[in-house]
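Q: Next up is a structure, given as structure tokens.
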Amino acid sequence: MTLRLHNTRTQQVEVFEPLSTEKVTLYTCGPTVYDYLHVGNWTAYIYWDTLVRTLIASGYRVERVMNITDVGHLVSDADEGEDKLEKGARREGKTAWEIAEFYAEDFVAGMEKLGLLPPEHLVKATEFIDQQLDLVRILKDKGVTYQTTDGIYFDTAKFPSYAEFAHLDLAAQKAGARVEQNTQKRQPWDFALWKFTPAGENRDMQWPTPDDLFELPTGSAEIMGFPGWHLECSAMAMSILGPTIDIHTGGIDHIPVHHTNEIAQSEAASGQRFATVWLHNNHLKIDGTKVSKSLGNTYTLQQLQENGYSAMDLRLFVLQGQFQNEGNFTFDNLASAKNRLEKWRSYAVLRHQTHDRLDDDNQKNDAERGSISLLAASGALREALQDNLNTPEALRVIDQAFSSLDSCRLDDIYHHGLIEFIRAIDELLGLQLEQSTPDIDDDAKRLIIERQRARDAKDWQASDRLRDQLAKKKILINDTPHGSRWQWA
Ligand code: AMP
Ligand code: ZN
């Protein structure tokens, strides 16, 4: 089946066709590293990891860039207020560089905990200052920039399709605009490419503005400055992946400003379409409320762990929703994801309790039982994801396939099919079922056989004693009408 994705640019679900058959180029807007990521942020990266996994399963080689914003993201998207990194530095009594390094490392550690595949290029804005200045230079040479006392701005009037991507009503926006603080901007939605460090401000992160980029004689030998937030994504994407990328992802909050601006500056510079497909994840709410630091309702991975939930529990919780739908985080919802994952693990360990049969006709048995064949389920799982990353449907396929094993004797379960299915789940959804469900040791296996013998001999006392011994090893025994099965407690 072909891969279909909802493209924000065309507002349609389309068959995905990359520019080159060799590889898919993908850009993901990464985090601003001034604090720990919260569950809402992680939601975005879990969905885009699922996208990468689906692309790989669809036969593509993926080259992905993800940025780490470590400079220039101001408190307000309208290029006003403080730089979030400098603010974080003051909050913690450290330098902006230290803040960036600490939270970027925590981000990478969180990605590992969540089993997110590392992007081919995980790059920091501060490592791409030259490329960002090069882009400003190209835009300046094309005559689409202007200078104010506080920086170099993009003149959106010179990019006629500015409002198209987000279907902005600029006239209404202008009428409703509050009194602009920055009166030198030609249009309220013009945005800073490069900001000058205000006189008297002591910034940790700043670079000399190249002479050819500013025009007014200032009398000072050097004007220090720093890049605007939007610039980094265009500069990194185009310098690493080329002028046109196949897929660009971000959150819905990026559509009206950040991505609109990325498109304007990239396309004004290259004269080519910046990205073919744009994917946007909807937001996660918490207890039905917007996630907000000021409301104090954010949760970090660490806080979830302190409440007894693992990164994988969060991962499955997120996958229960489709990326375009708004999510709602509650501890009840997280608990139900945790239960679901535990249940799946109890099926995953059945692979240690089943064997390939010599007459290997299990697949037929499976189908004859009216249960969905495990191999067919692996295919159905992939197809659900290829259908615009329909993760809720993928999880339903898994529930159905696993529960069909309830009515099987262990000997009748298609061993090879079960292994393939578990691998398909791990490859596509990154739930680490295989790694979280090791086999039991030989000693435990002996106890299980002894217990079975005791049961056969109706020696219930011995059977109970052996059950307790196994429980001490965190192994639970379930006696079903189709025989006894073990699972990890
Ligand atoms: P930031 O660090 O603020 O740049 O955000 C990092 C990523 O998290 C961005 O892609 C945002 O779109 C995304 N994001 C922020 N809040 C939420 C939320 N509540 N739900 C889902 N994604 C979010
Ligand atoms: Zn971006």
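Q: Do you know which residues across region 19-34 are assigned to a loop (DSSP other than H, G, I, E, B) and either open to solvent by less than 30 Å² (accessible area, probe 1.4 Å) or small (Gly, Ala, Ser) (or both)?
A: Once the filter is applied, which keeps residues that are assigned to a loop (DSSP other than H, G, I, E, B) and either open to solvent by less than 30 Å² (accessible area, probe 1.4 Å) or small (Gly, Ala, Ser) (or both), region 19-34 yields SER20, CYS29, GLY30, PRO31, VAL33.
Q: Could you give me the residue pairs with C-beta distances under 7 Å whose first residue belongs to region 232-257 and is without any contact (Cβ under 8 Å) to a residue 40 or more places away in the chain, whose second residue is away from ligand 1 (no atom under 11 Å from the Cβ) and open to solvent by 10 Å² or more (accessible area, probe 1.4 Å) wherever it lies, and which are 6+ apart or on separate chains?
A: PRO243/SER270; PRO243/GLN272
Q: Name the residues in region 270-294 that are over 25 Å from LYS338 (Cβ atoms) and either open to solvent by less than 30 Å² (accessible area, probe 1.4 Å) or without any contact (Cβ under 8 Å) to a residue 40 or more places away in the chain (or both), would you?
A: Scanning region 270-294 gives SER270, GLY271, GLN272, ARG273, PHE274, ALA275, VAL277, TRP278, LEU279, HIS280, SER292, SER294.
Q: Being over 30 Å from TYR60 (Cβ atoms) and touching a residue at least 12 places away in the same chain (Cβ under 8 Å) is true for just one of LYS445, LYS458, LYS474. Which residue is that?
A: Going through LYS445, LYS458, LYS474 in turn, the sole match is LYS474.
Q: Filter region 256-269 down to residues that are open to solvent by 30 Å² or more (accessible area, probe 1.4 Å) and in contact with a Phe, Trp or Tyr (Cβ under 8 Å, 6 or more places away or on another chain) and give me whichever is nearest to ligand 1 (Cβ to nearest atom).
A: VAL257
Q: Let me ask you something else. For region 321-404, which helices (runs of 4 or more DSSP H) that fit wholly inside it have 1 or more residues that are modelled with pLDDT of 95 or more?
A: Those helices (runs of 4 or more DSSP H) span 331-348, 374-386, 391-403.
Q: When GLY308 is evaluated against the numbered criteria (1) among the small types (Gly, Ala, Ser); (2) within 16 Å of ligand 2 (Cβ to nearest atom); (3) on the phi > 0 side of the Ramachandran plot, which criterion, by number, is the only one it fails?
A: (2)
Q: Can you tell me which residue among ALA166, ALA157 is open to solvent by 40 Å² or more (accessible area, probe 1.4 Å), in contact (Cβ under 8 Å) with a residue 12 or more places away in the chain and under 25 Å from MET238 (Cα atoms)?
A: When all the criteria are applied, what remains is ALA157.
Q: Shifting gears a bit: Quick one: which helices (runs of 4 or more DSSP H) lie wholly within region 409-489 and hold at least 1 residues that are closer than 30 Å to ALA376 by Cβ?
A: Hits in region 409-489: 415-429, 433-436.
Q: Right, next: Looking at TRP48, TRP42, which one is buried (at least 24 other Cβ atoms within 10 Å of the Cβ), more than 16 Å from ligand 2 (Cβ to nearest atom) and either more than 18 Å from GLN324 (Cα to Cα) or not aliphatic (A, V, I, L, M) (or both)?
A: TRP42
Q: Out of GLY81, GLY110, GLY72, which single residue is small (Gly, Ala, Ser), within 16 Å of ligand 2 (Cβ to nearest atom) and either outside any loop (DSSP other than H, G, I, E, B) or closer than 29 Å to LYS195 by Cα (or both)?
A: It is GLY72.
The values are calculated or read from the model by the stated rules, or taken from the named source; none is laboratory data. Just so it is clear, the model here is predicted, and its values are computed rather than measured. Reconstructed Cβ throughout: ideal geometry from the backbone, glycine too, with neighbour counts over all protein chains shown. In case anyone asks, the SASA skips ligands and DNA or RNA and just uses the protein heavy atoms, side chains included. Shrake-Rupley method; radii C 1.70, N 1.55, O 1.52, S 1.80 Å.
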